[in-house]
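One structure is given below, encoded as structure tokens.
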Amino acid sequence: NALPGVTVEPSGGSAYLYVNTSGIEANDHEIALALKSRAGLVVNPGYQFGALGANHFRICVAQDEAAWKDALERMAEVLASFPLR
């Protein structure tokens, strides 16, 4: 939530987080492709979950915690490269 244009709500106990990118000037498909190609991270673009998924992507947090710091830094770098709305 510290990154401009991005908000994340607590998961409520699931292994997934939905990242709201409505403050970024890119759609969820463009963001998912950029995260894969530029950060080596695979996320699910929100359109895969219907109309309410627009401007979101889903990440699975059921990963080794030791890898999270680096992955989140790469994710933040890619997200910060998009202009804000």
Could you list, ordered by first residue, the pairs with Cβ atoms under 6 Å in which the first is in the range 21-42 and farther than 20 Å from VAL61 by Cα and the second is in a loop (DSSP other than H, G, I, E, B) and small (Gly, Ala, Ser), at least 6 apart or interchain? GLY23/GLY5; ILE24/GLY5
Being closer than 21 Å to SER11 by Cα and of a type in the set (Val, Ile, Thr) is the filter here, so list the residues in the range 28-85 that pass it. ILE31, VAL42, VAL43, ILE59, VAL61
If ILE59 meets every condition in (1) touching a residue at least 60 places away in the same chain (Cβ under 8 Å); (2) open to solvent by less than 50 Å² (accessible area, probe 1.4 Å); (3) not aromatic (Phe, Trp, Tyr) apart from one, which number is that one? (1)
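Report yes if some residue within the range 14-23 is in contact with a Leu (Cβ under 8 Å, 6 or more places away or on another chain), at pLDDT 95 or above and in a loop (DSSP other than H, G, I, E, B); otherwise report no.
There is at least one residue in the range 14-23 that is in contact with a Leu (Cβ under 8 Å, 6 or more places away or on another chain), at pLDDT 95 or above and in a loop (DSSP other than H, G, I, E, B).
The values are calculated or read from the model by the stated rules, or taken from the named source; none is laboratory data. Worth saying up front: this structure is predicted, and the values here are computed from it rather than measured. No Cβ is skipped: glycine too gets one built from the backbone with ideal geometry, and neighbour counts run over all protein chains shown. Accessible surface is based on the protein model in full, side chains and every heavy atom, while ligands, DNA and RNA are left aside. Shrake-Rupley method; radii C 1.70, N 1.55, O 1.52, S 1.80 Å.
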